[in-house]
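Each remark here refers to the structure printed beneath this line.
The values are calculated or read from the model by the stated rules, or taken from the named source; none is laboratory data. Computed from a predicted structure; not experimentally measured. Cβ: placed from backbone, ideal geometry, glycine included. Neighbour counts: every protein chain shown. All accessible areas refer to the heavy atoms of the entire protein, side chains included, with ligands and DNA or RNA removed. Shrake-Rupley method; radii C 1.70, N 1.55, O 1.52, S 1.80 Å.
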Amino acid sequence: MQGKFVRLEPVELRHAEGLAAASAADPSLYKWSPVPQGKAEATSYIQTAIDWNEAGTAVTFATVRRADGEVVGSTRFFNIERWSWPAGHSQHRRATPDACEIGYTWLAKSAVRTPINTEAKLLMLMHAFETWDVCRVCLHTDVRNVKSRAAIERIGGKLEGILRAHRMAADFIPRDSARYSIIAAEWPEVKQRLLQMIER
């Protein structure tokens, strides 16, 4: 997937050095997210992502800045859901997912406060709603991560609630997660909002 500012490449082991370099610039950015440090961790991170991809539960990308071809982070679709529509239903045996989550998103310091993340979200949401035809996309973030919550709300994510002790946090405690979603009926408005944000 490619836009004006960013290209999302299916992650491969060849991206390990780029991911390691991207995360090394300012590790303090990753207070709320587990981000690989060093080439060994990046290689393990990518192998886990590839395993999830092959299992059909995730699609993971290296985030590449188009201006210079530099790897500046990663993001993924995961918790890809395929619902058990009954025989005779119009959605029975549909080939694409019914719902998914977008997450595991992190960026190098040089890509923060640029259009890269906004455009990456636009590309992924377009793929989810317009290619896969999903009913819902979810986004979760640590309830303490005020910046991430504000960013999700800014693009039109609706807060569904707080999931208590939902996942292990980056600081190795059971974290409460703020759960957001965008549903298919909301996508046209969200898309216009994202396009306007990128234009600005």
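To the nearest 20 Debye, how big is the dipole of the chain about its Cα centre, given +1 on the beta carbon of each Lys and Arg and -1 on that of each Asp and Glu?
Its charge dipole is roughly 460 debye.
If the viscosity is 1.567 mPa s and the temperature 4 °C, what translational diffusion coefficient in µm²/s does Stokes-Einstein give for the stretch 1-159 when Rh comes from Kirkwood over Cα pairs?
79 µm²/s
Ignoring ligands, DNA and RNA, what accessible area per residue does the stretch 99-184 give at 1.4 Å, in Å²?
The answer is 47 Å² per residue.
On a 1.4 Å probe surface of the protein chains, which of 158, 121 comes out largest in accessible area, and what is the full order?
Final ranking, largest accessible area leading: 158, 121.
For the chain, with all protein chains present and a 1.4 Å probe, just round the carbon and sulfur fraction of the accessible area to a whole percent.
Carbon-and-sulfur percentage of accessible area, whole number: 54.
Distance cut-off 26 Å, Cα to Cα: go down the list 31/158; 4/31; 147/191; 39/158; 39/147 and report the pairs above it.
4/31; 39/158; 39/147
If we count chymotrypsin sites (Phe, Trp or Tyr not before Pro) as exposed when they sit in a DSSP loop and have at most 15 other beta carbons within 10 Å, what is the longest stretch of the chain that avoids them all?
84-171
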